[in-house]
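The values are calculated or read from the model by the stated rules, or taken from the named source; none is laboratory data. Just so it is clear, the structure is predicted and the values come from calculations on it, not from any experiment. Positions of Cβ are backbone-derived with ideal geometry, glycine not excepted, and every protein chain shown enters the neighbour counts. When the accessible area is computed, the model is the full protein with side chains, heavy atoms only, and any ligands, DNA or RNA have been set aside. Shrake-Rupley method; radii C 1.70, N 1.55, O 1.52, S 1.80 Å.
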Amino acid sequence: ILSPWAQVAVFLSESGNDGYVSANGATYTPFANVTGPGIQAGQGTDTDLSGFLSFDTSSLGTGATILDAKLRLKQYSGNDGFDSLGPCVVDVQKGDFNEKAKLEGADFYALETDVDVTEEGALAAVDSGNWVEAELDPIYASDVNTTDRTQFRLWFDHVDGVGDKSVQWYSSESIGNEPQLIVQY
């Protein structure tokens, strides 16, 4: 049960540290500082795409106990990526993927703190121009880093025979549409 004196902090994703990585065979290419659609996840004919979000949550401080957290994203694309690929998976890193804040190709396969951290189907299709709020499963609330960054990776399972399908969201470069991490502590 949340206490009535719990506080809420809203963090905006960091420019230069969010975006997406394209994987084509053993070649991983980062795309940071991209205006809408700056966050992408899905697949192409010969590629897979994973989106990345980065939040500087260090202002929470060592004394904060995280009670609840949710991602808030504004969808850029339609829903056909969800229709063809199924649920979007969200991984969390307490700190930086690959130990660097800046988005890089190695983030695509970097180890995460936890896999699939939102409630089932939480990062759902909402149509272009609408906001989705994906709540973290309460068991992963402690993965929000109170002394450094908290980063997220968004991806879909690859579906053979589907071809080019992806979902796009606005990135930090889209003023007024920036991805948000809402933390109750």
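Close contacts from the stretch 173-184, counting a first residue that is within 13 Å of GLN151 (Cα to Cα) and a second that is in a loop (DSSP other than H, G, I, E, B) and acidic (Asp, Glu), with Cβ to Cβ under 8 Å and a gap of 6+ residues or different chains, come to PRO179/ASP18.
Looking across the stretch 97-147 at every residue that is of a type in the set (Phe, Trp, Tyr), under 24 Å from ALA23 (Cα atoms) and not in a loop (DSSP other than H, G, I, E, B), the one that is least open to solvent (accessible area, probe 1.4 Å) is identified as PHE97. Considered as a group, the residues in the stretch 16-32 that are surrounded by fewer than 17 Cβ atoms within 10 Å (Cβ to Cβ) and in contact with a Ser or Thr (Cβ under 6 Å, 6 or more places away or on another chain) include one that is nearest to GLY61 (Cα to Cα), and that residue is THR29. Filtering the stretch 62-94 to residues that are over 19 Å from TRP155 (Cα atoms) and part of a loop (DSSP other than H, G, I, E, B) leaves THR62, GLY63, ALA64, THR65, ILE66, LEU67. When the stretch 143-159 is filtered for residues that are more than 16 Å from GLY86 (Cα to Cα) and either modelled with pLDDT under 95 or β-branched (Val, Ile, Thr) (or both), the ones remaining, listed by number, are VAL144, THR146, THR147, THR150.
For the stretch 44-70, taking the residues that are more than 22 Å from VAL10 (Cα to Cα) and touching a strand residue (DSSP E or B) at 6+ places or on another chain (Cβ under 6 Å), the one that is surrounded by the most Cβ atoms within 10 Å (Cβ to Cβ) is identified as LEU49. Looking at (1) of a type in the set (Ser, Thr, Tyr); (2) touching a Leu at 6+ places or on another chain (Cβ under 8 Å); (3) surrounded by fewer than 21 Cβ atoms within 10 Å (Cβ to Cβ), which one does SER84 not meet, given that it meets all the others? Unmet condition: (2). Any residue that is open to solvent by less than 60 Å² (accessible area, probe 1.4 Å), in a loop (DSSP other than H, G, I, E, B), touching a Leu at 6+ places or on another chain (Cβ under 7 Å) and not hydrophobic (A, V, I, L, M, F, W, C) - is there at least one of those in the stretch 160-172? Scanning the stretch 160-172 turns up at least one residue that is open to solvent by less than 60 Å² (accessible area, probe 1.4 Å), in a loop (DSSP other than H, G, I, E, B), touching a Leu at 6+ places or on another chain (Cβ under 7 Å) and not hydrophobic (A, V, I, L, M, F, W, C). Restricted to the stretch 47-61, and to residues there that are in a strand (DSSP E or B) and not aromatic (Phe, Trp, Tyr), the residue that is farthest from the chain's Cα centre (by Cα) is ASP48.
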